[in-house]
Structures are given as structure tokens and as C-alpha cells.
1. Is there a simple number for the mean count of other chain Cβ atoms within 10 Å of the Cβ of residues in A:93-106, and what is it?
2. With 10 angstrom as the radius, rank B:Val279, B:Val225 by how many other C-beta atoms surround their C-beta, starting from the fewest.
3. Select from A:Pro159, A:Val268, A:Leu182 the residue farthest towards the positive end of the dipole of the range A:154-308; place +1 on Cβ of Lys and Arg, -1 on Cβ of Asp and Glu, and compute about the Cα centre.
4. Put the label 7 Å from Cα along Cα→Cβ for B:Gly160; what are its distances to the other copies, in nanometres, shortest first?
5. When the dipole is taken about the Cα centre of the range B:208-304, and only Lys, Arg (+1) and Asp, Glu (-1) are charged at their Cβ, what size is it in debye, to the nearest 20?
6. Which FRET efficiency value, to the nearest 0.05, is calculated for B:Asp196 and A:Ala40 with the Förster distance at 30 angstrom and r the Cβ-Cβ distance?
7. Can you give me the distance in nm between label points at B:Asp241 and B:His174, each placed 7 Å from the Cα along the Cα-to-Cβ direction?
8. Just report the Cα centroid separation between the range A:62-83 and the range B:247-314, whole Å.
There are 2 protein chains.
Amino acid sequence: MMDEARLLEHFRQLGPASAAESVLLPLPPGDDMALLHPPAGDLLLAVDQVVEGRHVDLRVARLEEVAHKAVHRCLSDVAAMAGRPLAALYAATLPRSFTDDDARRLGDALHAVSRTAGTLPAGGDVAVHAADDGPLVLSVTVIALAHPLGSPRRSDARPGDLVCVTGVLGGTLHADGRGPHLSFEARIAEGAALRDRFGDRLGAMIDLSDGLGRDAGHLARASGVAIEIEAARIPVRDGLDWRRGAGDGEDHELLFTLRPEVEADHLVPDEVCGTSVSVIGRVLGRSGGELPLVVIRDEDGIGHDGADFGWVHR
Amino acid sequence: MMDEARLLEHFRQLGPASAAESVLLPLPPGDDMALLHPPAGDLLLAVDQVVEGRHVDLRVARLEEVAHKAVHRCLSDVAAMAGRPLAALYAATLPRSFTDDDARRLGDALHAVSRTAGTLPAGGDVAVHAADDGPLVLSVTVIALAHPLGSPRRSDARPGDLVCVTGVLGGTLHADGRGPHLSFEARIAEGAALRDRFGDRLGAMIDLSDGLGRDAGHLARASGVAIEIEAARIPVRDGLDWRRGAGDGEDHELLFTLRPEVEADHLVPDEVCGTSVSVIGRVLGRSGGELPLVVIRDEDGIGHDGADFGWVHR
């Protein structure tokens with residue numbers, strides 16, 4: 001059982017960051033809030049959680065991996081908005097079984113992961129469960145600077161757009177509970193670079209968390225369009241079947257659309273910031289009625305409803 | 001057992017707030033982040049948690065009270081920094097026993113409490129425990145605008161300052177688990193008004209969460225000073241003994257210091273924004289050695305160590 005007062009003191013000494021880092025102003029350890037001097041521009045805000053038993057299994061994931069996943073889940077939202085992360089705050093409710101060392105490792109890892117991703121630790125809160133078997137609950141809030149050319153939205157897809165995805169999909173959760181869902185890197189540089197390079201010829205953008213089929217559906221619904229994906233063009237990890245690429249969750253790659261002029265000008269990229277880009281389909285007008293928002297067409301020309309590929313909610 | 005997809009949709013429809021409210025830009029429901037157009041100035045950031053069994057007992061507190069406490073705990077940090085709240089984000093991990101109606105009531109209450117306090121709901125995240133008996137865990141992050149005259153800090157007390165406190169203290173937690181700890185209002189208007197009125201003649205400021213004795217110690221330690229408090233001048237609720245006023249936690253009143261010139265100019269206030277102000281002591285130089293940081297002197301002239309009054313950590 002840890003010493004909570006000592007633990008809080010340790011967390012306080014870790015953050016907020018020093019004045020030398022320009023956006024965070026110096027405050028004595030233990031002051032109530034962090035003071036942020038943001039660059040000019042609009043800010044993006046998001047919060048995300050990792051809950052033991054739901055998003056991570058502490059029997060197979062190290063605390064450093066839990067911290068990595070918690071921070072990068074939230075940063076993946078920043079990537080989808082083409083933002084630049086500025087600062088992160090953490091709130092942790094710890095199991096009673098945590099030792100001082102466990103708690104310090106988690107706090108140190110949250111700070112280290114954030115810094116590596118260019119995000120300044122701006123403080124946090126820690127509590128310990130009253131119940132003996134309460135699970136680890138970790139929330140991360142990120143404040144980011146919006147892209148000066150505007151934030152791409154889910155609703156920005158138009159008929160005729162190309163549908164593209166970064167990286168490779170599927171196989172994120174291995175049978176033993178490990179796998180890429182513990183180590184993915186939010187595509188922050190890629191998201192911003194796509195806006196830099198294509199400006200308003202970049203249409204809608206979303207990060208893949210629920211699985212390609214369902215997330216493409218979110219994008220289609222918000223944009224009032226339909227999407228057709230060619231199964232054979234879905235980039236899959238390790239030779240997996242396309243169904244796994246379309247249906248596995250927690251890829252945290254970027255799904256985005258490009259205006260048809262990009263294709264006409266022969267500017268469709270095959271990589272961005274060293275990450276592969278695949279064109280997997282096309283945005284269509286929505287004809288209404290009962291047709292699926294997303295159709296995945298297999299090599300035999302048979303259409304599958306995208307809503308059948310993905311996780312309802314994790 | 002609730003329908004998580006429907007619940008998420010309900011939360012999404014609640015926020016972010018609309019464009020008419022100036023600081024939050026419109027985003028279609030379900031977009032990944034809220035977009036904030038902040039007024040010019042530095043920003044303050046804080047996160048705080050409410051954990052069932054630790055900070056609230058759901059057998060005696062209504063969900064609306066839980067939401068109130070979660071938001072106002074965080075806003076109390078804003079008050080201590082004389083800030084103006086702009087936006088709040090929420091993350092909730094819900095017990096499996098929650099019904100759809102429970103979850104909606106909690107979400108609606110978080111939004112309503114924030115709006116009433118002038119804080120725009122900027123989105124959130126909701127998850128459900130995997131374990132059958134996982135307790136409610138609620139974290140609230142607040143983004144606030146720093147006061148243009150600067151943020152008062154714990155380290156800003158100087159020898160000679162008057163020590164003052166807002167409101168009345170003690171008796172926050174009744175034997176039945178209810179009491180003012182469920183209904184306190186963060187002193188946001190008061191904190192900002194003190195800076196407005198006194199400028200740099202307002203010294204250090206802190207909100208009382210651990211109890212007057214211990215929180216005065218935090219202020220004294222950060223400022224490198226000692227504090228002497230007269231027990232008879234501690235404003236207590238309902239005729240309680242001064243020991244309860246000095247030792248009970250979760251008052252969420254403001255403890256602050258005023259420069260001696262304020263007294264010389266006969267400008268010591270007896271109220272701010274309709275809330276009473278009491279002068280309870282004086283800041284002294286720290287002589288070093290083993291003397292307590294805070295001495296509370298009773299009516300017989302006997303000094304008590306302030307560190308003995310308060311909660312170590314809740």
C-alpha cells in the first residue's frame with residue numbers, strides 16, 4: 001500500500017514543466033493550476049480514458065504501455081484534427097494494490113510519453129480507490145493548437161473524393177492480450193502534414209478506433225455521403241484477410257478523403273512523413289433509402305455492409 | 001444495464017456548446033475534439049476527480065449532487081487563481097449497475113452545473129467498468145482565463161500580511177454523509193474580485209480543501225513564511241468549536257493574504273461579492289528551526305500546531 005502524501009508530492013515535482021519550454025509558465029510545485037501561454041490561434045480540447053479490464057489488462061501490459069496507450073489514444077484525436085499538441089493533464093484513480101513504485105512508474109511514464117510526443121505535462125490529480133478491488137482508471141486531457149488552415153472534420157467529405165488510409169490495419173489485439181494496441185503511435189505529424197500539403201483539397205479526416213468499416217460509417221453519416229471501399233486495396237498487417245483489416249479496432253491510423261483534383265494533378269501521395277498512404281475507395285452521393293453508408297466490395301464484386309465490420313464500443 | 005452506444009450519442013448531442021456562445025466554435029456532434037477560440041491572455045489548466053466511496057457516497061448523494069461537487073472542486077482551483085472559467089471536459093467511468101437514466105442524469109447535470117457557473121461544456125468521454133462492482137469515477141478538466149493582473153500564487157505571502165478567509169468553515173460532512181461538501185459553490189466571482197480590487201496588494205491565495213490548518217501550512221511553506229491564526233477569529237458554521245473550523249476539510253473557501261498597506265488605508269473588506277471576509281491572523285517571518293509553520297493561538301494564549309488540523313489526503 002502506497003503513501004499517498006508522498007506520491008502526490010512526487011507527481012507535483014514532475015510537473016508542470018519549466019519556463020524554458022515557452023508555453024508553460026513557471027509555477028511553484030503544488031500550485032493549484034498550470035499556467036499556459038498559448039501561441040495565437042484556436043485551441044482543440046479532448047479527453048479520453050483507459051480503464052483496466054476494458055482497454056488494458058494489467059496482467060499482460062506493463063504500466064509504461066498503459067501510459068503510452070492512454071496518452072496516444074487522446075493524441076490520436078489531435079492527429080485527426082491536424083492539430084499540434086501543447087499540453088496534457090492526467091487524472092488517475094489507482095488500485096489499492098498499487099505500490100509506491102507502481103504509482104511512480106505510471107506517473108513517470110505519463111510524463112515521458114507526453115514529452116516524447118511534444119506535449120508538455122501540465123499537472124494532474126491522483127486518488128486511490130476506497131474499494132479493495134477497484135480497477136485502474138486513467139483519463140488524459142489534451143490541449144492542442146488548431147491547424148492555421150482549419151481543422152478537418154468528419155463532415156468534410158464530398159462525392160468524388162478519394163478515400164485514403166495511412167499505415168496498415170488489423171491484428172491490433174493478439175490472443176495473449178498484447179499487440180499493436182499497446183504500442184501504436186498517434187499520427188500527429190502525418191495529420192498536420194496532410195493539411196499542410198493539400199490545404200482545402202484535404203476533405204474529411206477521422207482516426208480509426210472502432211474499425212475501418214464502422215469509422216468510415218461515422219464519416220459518411222456526418223458528411224451526408226456514401227463510401228465504397230475495395231476490399232483488395234485495404235492495407236492489412238501480416239497478410240491478414242481484408243475482413244480483419246476492416247473490422248479490427250484500435251488501429252489509430254488516419255482515414256481521410258482527398259478532392260478529385262489531387263488525382264487529376266497526379267499528386268496522390270504514397271506516403272506522408274514516412275508512413276504509407278493507400279487509396280482504398282471513393283466517396284459517392286447518398287441515394288437515400290436503405291442502402292448501407294459504407295459498402296466494402298470484395299474481389300468477386302460482392303458488396304458487404306461496412307457497419308458489420310468494427311466494434312460497437314469499447 | 002445501459003445501452004452504451006445510445007448513451008454516447010446522448011452525451012455527444014449535449015456538447016460541445018453552440019457557436020452563439022463565442023468561445024466554442026461549432027462542430028458537428030461526434031467530431032473528435034472541441035474547438036475553442038480563447039480570449040487573448042494566458043490560460044489556466046486543472047483536472048480533479050470524484051471517486052465513489054472516496055469523495056461521495058452514492059447511497060446518500062444524488063447524481064446531481066455528485067456532478068455539482070465534481071465540477072465545483074475543479075472550479076475552486078480556478079477561484080484560488082482568480083481565473084475566469086472558459087470550458088470544461090468530463091470523463092466518466094460508470095458502474096455496470098447504472099441505468100440509461102442514471103447515465104443521462106449525470107451527463108445532463110454535469111452540463112447544467114458547468115453552464116450555471118459560466119463554464120462551457122466542451123465534450124467528454126464515457127466508459128463502463130468491466131468489473132461488476134467498479135465504482136463511479138468522474139474527472140473534470142477546466143480551462144480558464146488567467147486574471148489580467150496575474151494569478152495569485154501560494155508563494156506570494158509576505159511577513160506583515162493579514163491572513164483572511166471567505167465564508168464560514170467546518171461542519172462540511174454530516175454524520176449521515178450529507179452536508180455542505182455536496183453543495184458548496186466555488187468562490188469564482190470572489191477570487192477574481194479580490195484581484196480586481198486589491199491588485200498586487202492581494203498576496204497569496206489558496207482554496208481550502210484539506211482544512212484550514214493544513215492548507216495554511218501549504219501556503220506558509222510555499223511562501224517561506226510562518227502564519228499565526230487567532231482561534232477566536234476563525235469563522236465557524238453553526239457555532240461549532242474552532243477546532244472543527246480549523247480541521248474539517250472540503251470548505252472550498254478562499255484563504256488569502258493582504259499587504260499591510262490595505263489595513264493602513266482602512267480598506268480591509270468585510271465582504272466580497274456578498275460573501276463575508278474574516279481577518280483571522282498575520283503572516284510572520286520564518287525563524288527556522290523546529291517551529292510549526294502555522295500556529296493557532298487559542299483564547300488562553302496557548303499555541304496549537306496547524307498541521308494537527310486537517311486531512312492528510314482524501
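1. 1
2. B:Val279, B:Val225
3. Farthest towards the positive end: A:Pro159.
4. 7.4
5. For this selection, approximately 360 debye.
6. That pair, B:Asp196 with A:Ala40, gives E of 0.70.
7. 2.2
8. 43
Here, each number is a calculation from the coordinates, and none is a lab measurement. Note that the structure is predicted; figures quoted are calculated from it, not measured. Cβ: placed from backbone, ideal geometry, glycine included. Neighbour counts: every protein chain shown.
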